[in-house]
Each structure stands twice: as C-alpha cells, then as structure tokens.
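Reviewing the structure listed below.
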Amino acid sequence: MDSTGETMPPVVAVFNHKGGVAKTTSAVNFGVCLAAHGYRVLLIDLDPQANATAGFGHQPLPTTGAWDVLTGHSGLAAALLPTPYPGLVLLPATGMLRTAEVDLAAEDVDAFSRLKTGLAGELKSCCDVAVIDCPPAFAVMTLNALLAATAVLIPTRPDPFAHEGLVNTWYEIRRLREGANSGLSVAGVLLTMTEAEGAIADGALAIRAEFGEHVFPMEIALDPRVGEAVQLSMPIAVLDPDGLAGRAYFDATEELIARVSAHVRPDIHLPMPAGRDHALNTLREWRSDSPALRRLPAQRGWTKRQPAPYGQAEPPSPFTDPPISEIAREDGMTAAWVVGALAIGAVIGMLAQHHWQLMR
C-alpha cells in the first residue's frame with residue numbers, strides 16, 4: 001500500500017534479454033486488449049528504439065515523455081499522450097532515451113529507481129494497470145522498469161538463440177527478486193511467432209517441459225497480418241481481432257488478468273474486467289471506426305487513409321464499396337474496350353488472309 005494506506009495498480013514489465021521476440025508487439029497488444037476489457041491502461045515506452053510510440057503514429061517523436069518523468073522535469077500526467085483507443089494512454093519514448101543509459105549511469109544509486117519515484121503519487125489517478133515496454137538489455141532502463149514493476153511477462157520465440165535469452169532473463173529476474181524487488185512476481189512466459197511443426201514446434205515443447213506452468217497455455221502463432229498491422233500503425237488485436245495472432249493476444253490478455261489477480265499482494269489491486277464478449281466487440285468496433293483504414297474503389301483490400309486537407313470534410317465512410325453507378329461505368333468502359341480490340345483484330349486477320357491469297 002502507498003503512504004495513505006490505499007492499494008495501487010499493478011505494473012507489468014514486458015521484458016526479455018533477447019531482442020526480436022515480439023516484445024513491443026506484445027506490450028502494445030496487451031495494452032489495447034486490457035483497455036478493451038474496460039481498464040484504464042498506461043503504456044510506458046522505455047525502449048530507445050521507440051517502436052511502441054511510433055506504432056501509435058507519433059512520428060517524429062514527441063519532445064516530452066518518459067525521460068522527463070525519469071529526471072523529474074515533468075510530472076506523469078503532463079507527459080501522457082492519448083491513443084486512438086479509449087482508456088489507453090501512452091507515456092512515450094523521446095530522443096533523449098538514446099543516451100539515457102550513459103546519462104543515468106553516471107549518477108548515484110537512485111538512477112535505478114527513477115521510474116518508481118516518477119510514478120509514485122500519480123499512478124493510481126492515471127490508470128488501473130500499467131504495461132512497460134522494456135529495452136532488450138539488462139541495463140539502467142530495464143532496471144528502472146523492473147524495480148517499478150509488480151510483475152514481469154517474458155515473451156520468447158521458441159528457437160535455440162531465444163531459448164538462451166530466456167534462460168538468462170529468468171536468472172536475472174530471480175536475482176532481482178532476491179534483492180532489490182522482492183515483491184516482483186513472474187506473470188509468465190509467452191511463446192511468440194510459433195509454428196505448428198518443425199524445429200520451432202519442438203522448441204516450444206522443450207520450453208514447456210523446462211518452465212512448466214509458468215508458460216502461458218496459448219501461443220502467438222506466426223501470422224503475416226502482424227506485418228500489415230505494423231504498416232498501418234495498428235495493434236494486430238484491433239486490425240484482426242478474430243484472426244490468428246489477434247485472437248491469441250486477446251486470450252493471452254485474459255490469462256494475464258487471471259494471473260495478476262491471483263498474485264496475492266495486499267498493496268496491489270486490479271478491478272474486475274468487462275466480460276469477454278463485450279471486450280471482443282469493443283476491439284471489433286475500434287477496427288470498424290479506425291480512421292487509419294479505408295476501402296478504395298480501385299483496390300480490393302485495406303489501405304491507410306489519407307487525411308483530408310485542413311478545413312475540408314472527411315472522405316465518405318471507409319467501409320462502403322464504390323457506388324453501383326461507378327462500378328457500372330467502369331465495367332461499361334472495359335467492355336467497350338474489349339469489343340473494339342476484337343473488331344480491330346478481326347479486320348487485321350482478314351487483310352492478312354487476302355494478302356496471302358494474292359501472293360499465291
């Protein structure tokens with residue numbers, strides 16, 4: 001409990017010592033799925049690569065964000081940015097995070113608890129649960145996240161190199177729990193980019209055998225639509241909530257809620273979530289209302305919406321097909337072109353045949 005005796009929101013750090021394991025993708029999708037469940041969610045981007053921040057369309061990077069909270073130059077609430085998804089706010093990465101490791105390491109021991117200090121006093125008023133996207137290194141930024149966190153989630157791809165990173169991450173977290181943050185729980189291990197057969201499938205079985213019930217029962221399968229979601233600056237759980245990876249992240253979020261709620265700490269409280277059907281329908285509504293998508297008459301697919309110039313009305317609804325009259329006009333033009341081409345071909349054929357007969 002805090003100094004007033006009140007409970008505080010859980011803080012989940014998403015961390016793996018190994019890069020390229022869908023850490024940022026997992027943090028972003030957990031954040032949006034938690035918001036769909038009715039929670040007020042704070043997503044904290046502590047990764048200098050700033051992929052979570054850019055993933056919400058903040059390019060170039062904002063001038064105020066996580067670095068300012070870490071250094072005390074800004075309060076938490078003043079540094080937050082909204083997202084397109086109600087209930088989800090972002091503490092963005094800024095360019096200053098690129099040198100933060102050197103800058104903070106040169107200071108005293110408080111350099112490792114700056115985030116915890118920055119969140120104190122304002123966290124409960126900002127959110128019901130916080131998710132931290134950590135850098136893929138056990139250094140100053142990651143230590144700030146893990147000392148501020150109440151739980152850590154470890155995404156990993158079940159290949160030999162990622163398995164080594166998982167083992168190292170597990171060891172580092174265990175050492176941290178024995179010392180600086182004894183209240184840190186392991187929310188679990190999430191298998192990402194999995195495949196149904198081959199070496200990746202065998203690796204998943206090996207990790208389950210080694211880490212047992214710590215591994216989430218669901219897996220995030222390799223899904224090409226994740227790349228499409230990145231191009232559109234949308235979480236896959238919004239772009240395709242009923243698809244392969246989108247539904248898996250939704251299910252994994254429900255597992256995360258259950259595990260965080262089951263971790264008994266008198267100072268931490270997570271409210272009851274909205275029902276499953278309500279949360280799924282919320283994700284579907286966010287997809288249908290997204291200004292990032294619109295269907296173009298000349299294309300059979302989704303493309304990024306181009307905003308209307310300032311002062312002009314938005315284009316028509318993105319989820320309607322072109323008018324029937326427009327389709328008929330295009331089809332009529334195509335048919336006329338084909339008939340004309342066939343007629344020209346027939347004339348050329350007749351002339352060629354007549355010339356051949358004269359030559360004989």
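Any chance the stretch 41-50 includes a residue that's of a type in the set (D, E, K, R), part of a helix (DSSP H, G or I) and at negative phi? No, there is no match, as no residue in the stretch 41-50 is of a type in the set (D, E, K, R), part of a helix (DSSP H, G or I) and at negative phi. Of the listed requirements (1) surrounded by fewer than 22 Cβ atoms within 10 Å (Cβ to Cβ); (2) in a loop (DSSP other than H, G, I, E, B), Ala93 misses just one: (1).
Residues are listed down the side, and each one gets a yes or a no for (1) assigned to a helix (DSSP H, G or I); (2) out of contact with any Phe, Trp or Tyr (no Cβ under 6 Å at 6 or more places or on another chain); (3) more than 26 Å from Ala229 (Cβ to Cβ):
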site: Asn16; (1), (2), (3): no, yes, no
site: Asn29; (1), (2), (3): yes, no, no
site: Thr63; (1), (2), (3): no, yes, yes
site: Leu70; (1), (2), (3): yes, yes, yes
site: Ala78; (1), (2), (3): yes, yes, yes
site: Pro84; (1), (2), (3): no, yes, no
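Meeting the requirement of 3 or more residues that are more than 22 Å from the chain's Cα centre (by Cα) and either basic (Lys, Arg) or closer than 28 Å to Ile220 by Cα (or both), the helices (runs of 4 or more DSSP H) wholly within the stretch 111-209 are 160-177.
For the stretch 139-162, indicate whether the set of residues that are in the same structural domain as Gly87 (by TED's automatic domain parsing), within 25 Å of Ala105 (Cα to Cα) and charged (D, E, K, R) is non-empty. Checking the stretch 139-162: not a single residue is in the same structural domain as Gly87 (by TED's automatic domain parsing), within 25 Å of Ala105 (Cα to Cα) and charged (D, E, K, R). Across the stretch 78-99, the number of residues qualifying as of a type in the set (A, V, I, L, M, F, W, C), touching a helix residue (DSSP H, G or I) at 6+ places or on another chain (Cβ under 6 Å) and under 17 Å from Cys126 (Cβ atoms) comes to 3.
Of the residues His17, His58, His37, the single one that is assigned by TED's automatic domain parsing to the domain that holds Arg225 and touching a Lys or Arg at 6+ places or on another chain (Cβ under 9 Å) is His37.
Screening Trp67 with (1) surrounded by 22 or more Cβ atoms within 10 Å (Cβ to Cβ); (2) touching a residue at least 40 places away in the same chain (Cβ under 8 Å) gives one miss only, at (2).
Of all residues in the stretch 231-242, exactly one satisfies the criterion of being surrounded by fewer than 18 Cβ atoms within 10 Å (Cβ to Cβ) and either modelled with pLDDT of 95 or more or of a type in the set (A, V, I, L, M, F, W, C) (or both), namely Asp242.
The values are calculated or read from the model by the stated rules, or taken from the named source; none is laboratory data. Note that this is a predicted model, so its numbers are computed, not measured. Glycine also receives a Cβ, built like all others from the backbone with ideal geometry; neighbour counts cover every protein chain displayed.
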